[in-house]
1. To the nearest 10 Å², what's M132's accessible area with a 1.4 Å probe?
2. Go through region 143-153 residue by residue and turn each phi into a ³J(HN,Hα) via Karplus (6.51, -1.76, 1.60, θ = phi - 60°); whole Hz please, and just put x for glycine and proline.
3. Rounded to the nearest 10 Å², what accessible area does V66 show when all protein chains are kept and the probe is 1.4 Å?
4. Could you put W162, W29, W108 in order of accessible surface area, largest first, with the 1.4 Å probe and the full protein assembly present?
5. In region 38-138, what percent of the accessible surface is made up of carbon and sulfur (1.4 Å probe, ligands and nucleic acids excluded)?
6. Could you tell me the distance between the Cα centroids of region 137-170 and region 49-125, to the nearest Å?
7. For I82, list long-range residues whose amide hydrogen, built 1.01 Å from N in the peptide plane, is under 5 Å from its own amide hydrogen.
8. Amide H to amide H under 5 Å from L120: which residues, 5+ apart in sequence or cross-chain, H placed 1.01 Å off N in plane?
Amino acid sequence: MDTSAQPLRSEPRLRARPQTAHVERRCDWLRTRRSIRTTFTTSTFHIVTGLLLPIWRRLPDHDCQVYRIQTDAGERIIGRHIAPTLVATMLRNLGIDHVPALAPQDAWTGLVEGRIGLQLADGLILRRSRVMNDHRIELIGFTDAFVPRLKALGLISEIISWKLRLFIPTSEKGPSILAALLDRHTLVGVTDRAAAA
């Protein structure tokens, strides 16, 4: 059998697309690209950069995502975005802006007399409390992770009504413990407890 005499199957011919549709799409794409190039917007935003883990609790809880940005000059920045409405709160929490100036001895005297309460960074609050018919300087707002460090500074822990509470001793060690606490957790506010009473 001679196979050369068999007719070859004809392949269907592909029709060529009209070039005009291709050219029109390309022109539309170029026009869009040109319009995108000329449409720039400028905006201002705040980013906290650097070693963030030690101060993470002092930053606002609003937007906890970390961003990586590259400037036009090629500088690379990694940090957390801070909303414009929260910049003042962040600066206050970090002890940079509008921080009350109060000497540790004056703060101690005001606490013992019950005239003031102290707001510290990381959500800590110092105030005078009456516990078991005795006035004590109590620290509130701490987490379980803070307890070993606070005890190392000299604070005393007691479990009262099945709750862990921390106090600064009212002995002669009290002012030095308060000074060490203020070095570690920045003073961010002073409340007038006498006016509130």
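1. So the heavy atoms of M132 present about 150 Å² to solvent.
2. 10, 4, 5, 7, 4, x, 5, 5, 5, 5, 6
3. 90
4. Descending order: W162, W29, W108.
5. 53
6. First find each Cα centre; the distance between them is then 22 Å.
7. Counting only residues 5 or more places away or on other chains, the set is H46, I47, V48.
8. So L120 has HN proximity to I125, L126, V188.
The values are calculated or read from the model by the stated rules, or taken from the named source; none is laboratory data. It should be emphasised that the depicted structure is a prediction, and the values quoted were computed from it without experimental measurement. Positions of Cβ are backbone-derived with ideal geometry, glycine not excepted, and every protein chain shown enters the neighbour counts. With ligands, DNA and RNA removed, areas are computed over all heavy atoms of the protein, side chains included. Shrake-Rupley method; radii C 1.70, N 1.55, O 1.52, S 1.80 Å.
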